[in-house]
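Asker: Dropping a structure here in structure tokens format, bear with me for questions.
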Amino acid sequence: GLLRFTPQARAAASLFWAFCEDERRHRWARRAASLGRLRETFEHGSPLGELGRELGRAISYFVEENELRRAPSQKKAGYLGRFTVARCAEAGHYLAEELVADDPVFVVNGESAGLAELFMDALERKGKRIDFDEDLARLEGDLAAGYDLVEAWLRGFVDRNVNDDVEHVLAEAVGLVLVGERLERKTSEVRTNLVVEGLRGQHGRLEEGALRIRLDAFLTRLRQYVDEYAPAWRAYRRRTHRLVERESKRLGVPDLKPEVMSGFVRNQLINDVYLDIIGDNLAGQMGTAGESTRANRSGLLFLISPPGYGKTTLMEYVASRLGVMFVRVNGPSLGYEVRSLDPAQAPTVTARQELEKLNFSFEMGNNVMLYVDDVQHVSPEFLQQFISLCDATRRVDGVWHGQSKTYDLRGKRFAVVMGGNPYTESGERFRIPDMLANRADIYNLGDILSGNKKAFEDSYVENALTSNEVTAGLIGREREDIHRFIRMAQGEQIPLTEMAHDYGSVEANQIVEVLKKFIQIRDTVLAVNQQYIRSAGQDDDYRREPPFLLQGSYRNMGSMAERIVPAMNEEEVEQIVDDHYQNEAQTLTTGAEANLLKLAEIRGRMTAEQEERWEELKREFRRRKMMGGGDDDPVSRVAGPLATLVQRMEDVQGALDRRELAERLGEIRDSLAAMATGNATPTSLIQAGESKAKERRGEAEEA
């Protein structure tokens, strides 16, 4: 029943009702009785609840007005508080429930009533009852003083005569004595507390394995939890969520979450070769799981390749699998002018943003993969800043919120990866500081690794699978099925029963036909890739033909693969290759013709006219190099041809020397043959040699 409310709440309600004006009591009583009938009739209790809140505010005002609240300095250990705002609110609801009855009788806890009765009996026995009543009567009109007096007497009695803990019912006992006969009471002997023993745990309410439960206090805490703590917690969570969302957006954290492209294919080359290489390096940088983890972490992973080989995508995939933040710093946005890690010294807004992102990765410190992309576009002085970060010290000097800060990343899960393309027209700017290169494991994703030629070749086909609607479904199936289909496309007979997936004959035939076209394209793309790398790695001073700038990457392969249909013949596939590189060459402007002719030579598809034109272009290229190229410096334009002429004369001299040597060797051979047949003697041969030597000297003098 109403014992679910705390004794403090019942005491506050009793004091308020006992000393309240009769007119106000009458109005509240009539409203409560009517709203009680409304609840009983239509099960609509919210108006009664609203009345309880109104009464709670009135009780709180009453307590304040009569100075019944105790100052915090007066509280003692274990004191539950006299009449707090929360207790007054609870008292309002209790009073509304009591007033539902036409003739309300206020319920009293048996413990409270027993304590008050014991106190009054003790006064009777000691002959102090009359004195106590007179003292109380003299304080009539000063409720706070009267309450303090009764509370002081009761506490004195409890301290000397009661061994049990009665603090929780003291307020109600004071109210009983103070109110006296002003209210009609009824005592309930329902037990509201118990002790549960033999419990284990660390909860704050456990005392030596025992939990003391008081129903009224528990229900009050529960109501307080539902009405105050839970809403406050939800409001706190909403506020922190908004704060985190705002700061996350400001710092760009969503951009740091690795998101693997839908077209990413974990092909055989990645699975069997690259992941082992990358894993060994990252184990050295970030440590490994378990007891074998390294304490002295160091190193750098450096990936190079022409564009389109998926350096960034591969590392984003690895970061995703490791569950680390992927902080990608864009090299072109930094540019060659950036030398420092200080964002304040950045020449452009975009460079400053990249440096802020870089320093943010240092500030996070743990579970981070820092990826500096396209380092061919940054200065060697900037890369030198990473030297100490990539050795055993694992330190770097950064700038955070305008303040210089040294970051110590020893023992942290922090990896440094760099990617670049040295095969560019500005490849001479691809300079890595020696001390940084000595700390790096460098791998070329665009070239054939030793012993992995087949895996490298097959990777072109595997990466192109998602580009074509016929082969896209293979990605979600067993990897071995892909390799079996590739072997079938190369002429091997494999029954469909060996496949892990159940393929129909029509579907399988379409896949094989498309893969045959893939392989035809791949052979060209591979040849283009190798020629591009050879040409890009050659010094301009030693070129005998124009540089080859067309590329053969995974991206090129995918662009052509998406246009393949099973019914195409070989010539139609070659036409797709022609069209693709014809479009690619448009970006080369004046170099387009030379590159397309070289492509035709690589593919073995040159016509007689193309071959003649190609030879003409190569001769013109060599002539221009001999004339100093396009250099406007007059000295260079004269010095170039002269140097070339000297080189040509040396070549002619070498040829003449070789011719003379051949002639002398021929003469020696003839002389030996003549001696063997008896047609000449050593004397005659010596005389003939002296005669010829005389002739040569004469010719040399004449020349």
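Asker: Calculate the spin-label point distance for ARG321 paired with ARG125, positioning each point 7 Å from the Cα along the beta-carbon direction, and give it in nanometres.
Answerer: 8.5
Asker: If you take the Cα Rg of segment 210-345 and divide it by 2.2 N^0.38 Å, with N the number of residues, what do you get?
Answerer: So the Cα radius of gyration is 1.74 times the expected 2.2 N^0.38 Å.
Asker: Shifting gears a bit: Going by accessible area, probe 1.4 Å, with all protein chains left in place, what is the ranking of SER361, SER340, largest first? Mind dumping the intermediate values first?
Answerer: Working: SER361 0, SER340 35 Å².
Output order, biggest surface exposure first: SER340, SER361.
Asker: Test of understanding: what is the full-extension gain from ASN163 to THR84, defined as 0.36 nm times their sequence separation minus their Cα-Cα distance? Working shown, then result.
Answerer: Working: separation 79, 0.36 × 79 = 28.44 nm, distance 2.71 nm.
The ASN163-THR84 span can extend by a further 25.7 nm.
Asker: Ignoring ligands and nucleic acids, what accessible area does ARG410 show with a 1.4 Å probe (Å², nearest 10)?
Answerer: Rounded to the nearest 10, that gives 130 Å².
Asker: Below 15 Å, Cα to Cα, which aspartates and glutamates can LYS405 reach? Residues fewer than 8 away in the same chain don't count.
Answerer: Straight-distance partners of LYS405: ASP342, GLU356, GLU363, ASP397.
Asker: While we're on this one: Using R₀ = 60 Å, calculate the FRET efficiency as 1/(1 + (r/R₀)^6) where r is the Cβ-Cβ separation of SER691 and GLN530; round to 0.05. Walk me through the numbers before you get to the answer.
Answerer: On the way: r = 58 Å, r/R0 = 0.96.
With a Förster radius of 60 Å, E is 0.55.
Asker: Output the relative contact order of segment 276-423, whole-number percent, from Cα pairs under 8 angstrom with separation of 6+ residues.
Answerer: Working: 277 pairs, mean separation 49.0, N = 148.
Normalised by residue count, the contact order of segment 276-423 is 33 percent.
Asker: Here's something else I'd like to know. Rounded to the nearest 500, what is the chain's calculated 222 nm mean residue ellipticity when only DSSP H runs of at least 4 contribute -39500 (n - 2.57) each, over all residues? Before the final figure, lay out each step's value.
Answerer: Values: 25 runs with 385 residues, N = 703.
So the helix-based figure for the chain works out to -18000 deg cm²/dmol.
Asker: While we're looking at this one, here's another question. Quote the accessible area belonging to HIS26 in square angstrom, nearest 10, computed with a 1.4 Å probe and with ligands, DNA and RNA left uncounted.
Answerer: Approximately 120 Å² of HIS26 is accessible to the 1.4 Å probe.
Asker: Something else about it: Could you order SER559, SER46 so the one with the most accessible surface comes first? Probe is 1.4 Å. Please list the in-between numbers first.
Answerer: Values: SER559 45, SER46 70 Å².
Largest to smallest exposure gives the sequence SER46, SER559.
Asker: Which links in LYS357/LYS412; LYS311/LYS357; LYS126/LYS186; LYS257/LYS454 stretch past 30 Å when you go from one Cα to the other?
Answerer: Those over the limit are LYS257/LYS454.
Asker: Then there is this: Please enumerate, by chain and number, the lysines with C-alpha under 27 Å from the C-alpha of LYS618, excluding those fewer than 8 residues away in the same chain.
Answerer: Cα-Cα hits under 27 Å: LYS598.
Asker: Based on the Cβ-Cβ distance of VAL506 and HIS44, what FRET efficiency does E = 1/(1 + (r/R0)^6) give at R0 = 56 Å, to the nearest 0.05?
Answerer: Working: r = 70 Å, r/R0 = 1.25.
Efficiency computed from Cβ-Cβ geometry: 0.20.
Asker: Which order do the peptides 88-99, 480-491 come out in when sorted by mean C-beta neighbours inside 10 angstrom, highest first? Write out the running numbers ahead of the final one.
Answerer: Numbers: 88-99: 24.6, 480-491: 16.6.
Ranking the peptides 88-99, 480-491 by packing returns 88-99, 480-491.
Asker: Towards the positive end of the charge dipole of the chain, with charges on Cβ (+1 Lys, Arg; -1 Asp, Glu), say which of ASN421, ILE521, VAL107 has the farthest Cα.
Answerer: VAL107
Asker: Between [x] 33.0; [y] 62.9; [z] 30.8, which matches mean projected area of the Cα convex hull in nm² calculated for the structure shown?
Answerer: Read-out taken from this structure: [y].
Asker: Something else now. Return the Cα extents of segment 106-201 along principal axes one, two and three, sorted largest first, each rounded to a whole Å.
Answerer: 53, 30, 25
Asker: Something else now. Tell me which residues come under 5 Å, amide H to amide H, from GLY411 once H is placed; ignore anything under 5 positions away on its chain.
Answerer: Here ARG297 satisfy the definition.
Asker: Order these peptides, 522-529, 460-467, 380-387, by their mean beta-carbon neighbour count within 10 angstrom, highest first. Before the final figure, lay out each step's value.
Answerer: Values: 522-529: 20.4, 460-467: 23.6, 380-387: 17.4.
The peptides rank, most packed first, as 460-467, 522-529, 380-387.
Asker: If you take the square roots of the eigenvalues of the alpha-carbon gyration tensor of segment 1-120 and sort them as a ≥ b ≥ c, do you get rounded (a/c under 1.5), prolate (a/b over b/c) or oblate?
Answerer: On the way: a/c = 1.91, a/b = 1.56, b/c = 1.22.
Here segment 1-120 falls in the prolate category.
Asker: Can you work out the base-10 log of I(q)/I(0) for segment 291-388 at q = 0.15, 0.17, 0.22, 0.23 1/Å, using the Debye formula on its C-alpha atoms alone?
Answerer: -0.66, -0.84, -1.30, -1.38
Asker: Ok, one more. If you count, for each residue, the other Cβ atoms within 10 Å and average over each peptide, how do 203-209, 548-554 line up from highest to lowest?
Answerer: Working: 203-209: 9.6, 548-554: 23.0.
So the order, starting with the most tightly packed, is 548-554, 203-209.
Asker: Starting from the Cα gyration tensor of segment 454-565, take the square roots of the eigenvalues, sort them a ≥ b ≥ c, and report rounded, prolate or oblate (rounded when a/c is under 1.5, otherwise prolate if a/b is larger than b/c, else oblate). Write out the running numbers ahead of the final one.
Answerer: Values: a/c = 3.13, a/b = 2.66, b/c = 1.17.
Prolate, since a/c reaches 1.5 and a/b exceeds b/c.
Asker: Which order do you get for VAL196, VAL514 if you rank them by accessible area with a 1.4 Å probe, largest at the top?
Answerer: Numbers: VAL196 50, VAL514 0 Å².
Largest to smallest exposure gives the sequence VAL196, VAL514.
Asker: Still on this structure: Counting only protein heavy atoms, what percent of the accessible surface of the chain is carbon or sulfur at a 1.4 Å probe? If you can, show how the numbers build up before the last one.
Answerer: Working: 19480 of 39830 Å².
Within the chain, the accessible surface is 49 percent carbon and sulfur.
Asker: Hey, with R₀ at 45 Å, roughly what FRET efficiency would GLU381 and THR240 work out to, going by the Cβ-Cβ distance, to 0.05? Kindly include the intermediate steps, with their values, before the conclusion.
Answerer: Details: r = 42 Å, r/R0 = 0.94.
About 0.60, to the nearest 0.05.
Asker: Another question about this same structure. Select from segment 1-61 those GluC sites (Glu not before Pro) which occupy a DSSP coil region and have at most 11 other Cβ atoms within 10 Å, ordered by residue number.
Answerer: Details: sites: GLU21, GLU23, GLU40, GLU43, GLU50, GLU54; in loops: GLU21, GLU43.
Sparse-neighbourhood loop GluC sites (Glu not before Pro): GLU21, GLU43.
Asker: Express in Å², to the nearest 10, the accessible area of GLU259 obtained by rolling a 1.4 Å probe over the protein heavy atoms while all chains stay in place.
Answerer: 120
Asker: What trypsin sites (Lys or Arg not before Pro) in segment 1-36 are in a loop by DSSP, with at most 13 other Cβ atoms within 10 Å of the Cβ? Don't jump to the answer; show the numbers that get you there.
Answerer: Values: sites: ARG4, ARG10, ARG24, ARG25, ARG27, ARG30, ARG31; in loops: none.
Listed in order of number, the matching sites amount to none.
Asker: Could you tell me how many degrees, from 0 to 90 and to the nearest 10, lie between the Cα long axis of helix 22-42 and the main elongation axis, the longest principal axis, of the Cα atoms of the chain?
Answerer: The angle comes out at about 60 degrees.
Asker: Please give the per residue accessible area of the chain, computed with a probe of 1.4 Å over protein heavy atoms only, in Å².
Answerer: On the way: 39830 Å² over 703 residues.
Heavy-atom SASA per residue in the chain reads 57 Å².
The values are calculated or read from the model by the stated rules, or taken from the named source; none is laboratory data. The model shown is predicted, which means the values in this text are computed figures rather than measured ones. Glycine also receives a Cβ, built like all others from the backbone with ideal geometry; neighbour counts cover every protein chain displayed. Heavy atoms of the whole protein, side chains included, go into the accessibility calculation; ligands, DNA and RNA do not. Shrake-Rupley method; radii C 1.70, N 1.55, O 1.52, S 1.80 Å.
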